[in-house]
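Derivation of every value follows stated rules applied to the coordinates shown; laboratory data play no part. Quick caveat, the model's predicted, so the values are computed rather than measured. Cβ atoms come from the backbone with ideal geometry, glycine included; neighbour counts cover every protein chain shown.
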């Protein structure tokens, strides 16, 4: 008997993007690590809010601007409280926000991020041949390629994944060269004659 099994795979970042900039103490470009801490400063009737980064070599800090000279009424009380309590989830949101880096003209590095994958079976049906459907949930941008994701999570070599793709056993709702694509939210990957 054959089955069609449908799964949700949610990518959970275990590390955060770093930024690359010239460190005044080191005198060269170094990686700055997200400390997951905010700095909030009241300046007369305005607020400034920064996310604090730290040089991975000498520990000097760099404050990346989130809000500059805004009126307190322009920020929600909820978000303000999260800044004051150094909320790690909010720090993660900002660290994966591409507009945040663009606004600060910062060089973000997404290549070294590691992920865990939470897998949940959502449906199983009888069918003519074994097949699995993998629905990707990725709340944050990633540089992780599809071939690496499949290889790591299906215990297959990348060359085996490539052969399965070339023989149309792996296919997707994406039109491009699937295995070279970066994983993104709502991507669906199907694998024929495969039992997970």
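Each peptide in 8-14, 116-122, 143-149 receives the mean, over its residues, of other Cβ atoms within 10 Å, and ordering these scores from highest gives 143-149, 8-14, 116-122.
Classify region 31-124 as rounded, prolate or oblate from the Cα gyration tensor: take a ≥ b ≥ c as the square roots of its eigenvalues, call it rounded if a/c is under 1.5, otherwise prolate when a/b beats b/c and oblate if not.
oblate
For region 89-122, the residues whose backbone nitrogen is under 16 Å from a point 7 Å from the Cα of residue 139, taken along Cα to Cβ, are 89-98, 115-120.
With r defined as the distance between the Cβ atoms of residue 87 and residue 25 and R0 fixed at 41 Å, what FRET efficiency is calculated, to the nearest 0.05? Walk me through the numbers on the way to the answer.
Working: r = 29 Å, r/R0 = 0.70.
Plugging the Cβ-Cβ distance into 1/(1 + (r/R0)^6) gives 0.90.
Using helices alone, I'd like the mean residue ellipticity at 222 nm for the chain: each DSSP H run of four-plus residues gives -39500 (n - 2.57), total over residue count, nearest 500.
-5500 deg cm²/dmol
Computed extension length for residue 73-residue 176: 32.5 nm, one decimal, from 0.36 nm per residue of separation with the Cα-Cα distance subtracted. Full extension of the chain between residue 166 and residue 41 gives 39.4 nm of extra length, using 0.36 nm per residue less the Cα-Cα distance. Expressed to the nearest 5 percent, the antiparallel share of DSSP beta bridges inside the chain is 85 percent.
Over all pairs of different C-alpha atoms, the chain has a mean inverse distance whose reciprocal, the Kirkwood radius, equals 19.4 Å.
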